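See structure below.
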Amino acid sequence: LAHLPSNIEAFSSAPYSLSRRRTPCSPSTIQAATLENITEEEPAESPFLPTASAADGVLLLEPLSQHVNSIITSSESLFTSITDVTTNAIQSRSFDKDAIINYSVFIITIAIVLEHIFSVDIGITRGFTPIEIAERIALDNWHSYTHILSTAPIQTKAVTSATVYTIGDIIAQRQQGTEVGKLDRWRILRSLAAGGIGHGPMSHLWYHLSEDFFENVLHLHAWWSFLPKIAVDQLVFGPIWNNSYILLLGAMQLQKPEQIWEDMKRTTIPLMVSGLKLWPFVHCITYGLIPVENRLLWVDAVEILWVTILAGEASGDSDKDVDVGAEALVAVETNDGSLR
């Protein structure tokens, strides 16, 4: 007991099992057990702690530093790769956006046209056979067109030419290898405007003026009267319209008058020569068989084929001899639209 007060604190920190012992102990035994438990043990050597000098520690840290640098370099390379992929994806997405816009416009336009064509006889074809429905749809659409043509001839022909010139310009761009997503929409709109503002109204006036001149002034009613009409068309109206077309395009592109005039001088003769390859033969039907009111529709339908031929000829191999008229047509605005 004489030793107990001096070791009471150490005894209180002894293991819990010692305080629960049931066997009687002498004070000397308690003191021995207490001293044994409070003796600090020597820490064991750890394989992860440096045991050498400071210089040895620096040498041991060098591989770790190299590993960290390697990780940083790999991270930078990964970040650069992700940036490149993201940039390419954004650029690809921009191209896809243009393609989606163009395809959407085409699909919506075609859907509207088809809906209008096939709904002309809606409600009155019940009980008809498929062949009868097809016949009635074609016939009634033609009757609808002629009715609108008789009530609003200039507006109808303007829409007709605008449609044909739009289709012609799309064909021309595609023939040159332009993808759908990269079609020049402003160029297409210029062709649409040139056809609607220029070709439709001007052709309406020309065909009526020509017919009135030959029928009522010259009194040519013979079967061969279409021949002088063709000659006058090619020598008079052809150059007038070609230059009017160039003027319209130049004005819409905000070109200088000098540039427009140079384009006119450069393309007038080549376009006339190129037109002689097709239009005299086409106009044998135009002035010989087609009524005056329907001549523009016939000519516009042929123009779609004509601009396709010219565009394909102009976009052929560079070592081939390309027609001068096709080159002139391309020179106006990279084959913008069709010139008759």
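Look at (1) in contact with a helix residue (DSSP H, G or I) (Cβ under 8 Å, 6 or more places away or on another chain); (2) part of a helix (DSSP H, G or I) and you find that Ile290 fails only one, number (2). On the stretch given as the stretch 171-225, residues that are of a type in the set (Phe, Trp, Tyr) and under 23 Å from Leu305 (Cα atoms) total 3.
The single condition among (1) under 33 Å from the mean Cα position of the chain (by Cα); (2) modelled with pLDDT under 90; (3) under 19 Å from Ile285 (Cβ atoms) that Leu220 does not satisfy is (1). Scoring Ile230 on the criteria (1) within 34 Å of the chain's Cα centre (by Cα); (2) within 23 Å of Ser210 (Cα to Cα); (3) hydrophobic (A, V, I, L, M, F, W, C) leaves a single failure, condition (1). One residue is enough: does the stretch 168-175 have a residue meeting the conditions over 22 Å from Thr286 (Cα atoms) and either acidic (Asp, Glu) or in contact with a Pro (Cβ under 7 Å, 6 or more places away or on another chain) (or both)? Yes, that holds for at least one residue.
Yes/no per residue for (1) open to solvent by less than 40 Å² (accessible area, probe 1.4 Å); (2) within 24 Å of Ile117 (Cβ to Cβ):
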| position | (1), (2) |
| --- | --- |
| Leu149 | yes, yes |
| Ile154 | no, yes |
| Thr163 | no, yes |
| Ile188 | yes, yes |
| Leu218 | no, no |
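Listed conditions (1) over 32 Å from the mean Cα position of the chain (by Cα); (2) over 17 Å from Trp206 (Cβ atoms) are all met by Val236, apart from (2).
Based on this model, can you work out whether Asp263 counts as touching a Gly at 6+ places or on another chain (Cβ under 6 Å), among the charged types (D, E, K, R) and either modelled with pLDDT under 90 or assigned to a helix (DSSP H, G or I) (or both)? In short, no.
The values are calculated or read from the model by the stated rules, or taken from the named source; none is laboratory data. The model shown is predicted, which means the values in this text are computed figures rather than measured ones. Reconstructed Cβ throughout: ideal geometry from the backbone, glycine too, with neighbour counts over all protein chains shown. In case anyone asks, the SASA skips ligands and DNA or RNA and just uses the protein heavy atoms, side chains included. Shrake-Rupley method; radii C 1.70, N 1.55, O 1.52, S 1.80 Å.
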